[in-house]
1. Going by how many other beta carbons lie within 10 Å of each one, how would you line up W68, W156, fewest first?
2. For a quick check, take a GNM of the chain with Cα springs below 10 Å and name the residue from E23, E42, E97 with the largest mean-square fluctuation.
3. How large is the Rg to Rh ratio of segment 106-145 when both quantities use alpha carbon positions and Rh follows Kirkwood?
4. Find, among the trypsin sites (Lys or Arg not before Pro) in segment 153-232, those assigned to loop by DSSP (not H, G, I, E, B) with at most 10 other beta-carbon atoms within 10 angstrom.
5. Could you list, in their original order, any pairs among K39/K112; K129/K215; K5/K215; K5/K129 whose Cα atoms are separated by more than 19 Å?
6. Counting alpha carbon pairs within less than 8 Å and at least 6 residues apart, what relative contact order, in whole percent, applies to the chain?
7. Of L161, L82, L111, which is the most mobile in a GNM of the chain whose springs link Cα atoms less than 10 angstrom apart?
8. If one takes the longest principal axis of the Cα atoms in the chain, at what angle in degrees, from 0 to 90 and to the nearest 10, does the Cα axis of helix 113-128 lie?
Amino acid sequence: MARGKLILITGVTRGLGRAMSDEFVRQGHTVVGCGRSSKEIEKLRKVAGAPHDYYPVDVSSDDEVKTWASLVLNTHGAPDLLLNNAAIINANARLWEVSSREFSEVVDTNLKGVANVIRHFGPAMVKRKTGVIVNFSSGWGRSTDAEVAPYCATKWAVEGLTQSLSQELPSGMAAVALNPGIINTEMLRSSFGASAASYPSPEEWAHVAVPFLLKLDAKDNGRPLTVPGHEP
Ligand SMILES: NC(=O)c1ccc[n+]([C@@H]2O[C@H](COP(=O)([O-])OP(=O)(O)OC[C@H]3O[C@@H](n4cnc5c(N)ncnc54)[C@H](OP(=O)(O)O)[C@@H]3O)[C@@H](O)[C@H]2O)c1
């Protein structure tokens, strides 16, 4: 039996996804999550237990997401809150130095992964005419810096995709692009190096972000948002 709201989170094995999962569980909600690391997913299954549910899924694979969605929708029903959080960043490099393979991996995860999840979970939410879809953007979805062009390109695309989606949803639902702020995670350490340590931890961030996410509703549809206290 689901408790509280049903929250679907991609990328729960570390960073913001893991911190949100822990905080939603702590607040009495039911979390269904995914990530690629089977080892971390197994640990989460053991620690959180039922009704929470975690699966090894690569969001860049439409087939894997399709199978996952069918399992989740049959077991838990449509999510109340869908958090498209999973993403990767390119290793710092000028655009002409980024290999075709790395560029594709960033696009396949950050942009096509979001579309894959919406393709397979969206119809059940639309049928029910309720629910909020939050697509994780970035400060780099609204501004740019050198050496992160592939990442910036996908996050600007997430902003556009989300605006367009918000114009397609039935009234009662919402799609928002969310800039989480700057938080000390593995991703931040990749681009900021040692200075990442001066930013808040994912756990500190989740204390503010989770209540904010729980309050989102239809009136927020199409609004590009930033987690309060984490504005640029
Ligand atoms: N940290 C920041 O300061 C910051 C700033 C702006 C925006 N953001 C955004 O916030 C979100 C979370 O970032 P983070 O800092 O927490 O990153 P992170 O620490 O690197 O964690 C990323 C998570 O996504 C998962 N993931 C990556 N590729 C995946 C795939 N193909 N399929 C399924 N899961 C995948 C990873 O797990 P596996 O490796 O196990 O798959 C991991 O759990 C991202 O959308 C990021 O762009 C973060």
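Read-outs: derived from the displayed coordinates by stated rules, not from any lab. Predicted, not measured: the structure shown is a model, and the values here were computed from it. Note: ideal-geometry Cβ built from the backbone for every residue, glycine included; neighbour counts use all protein chains shown.
1. W156, W68
2. E97
3. 1.09
4. K215
5. Over 19 Å apart, Cα to Cα: K39/K112.
6. Relative contact order comes out at 19 percent.
7. Largest GNM mean-square fluctuation: L161.
8. 30 degrees
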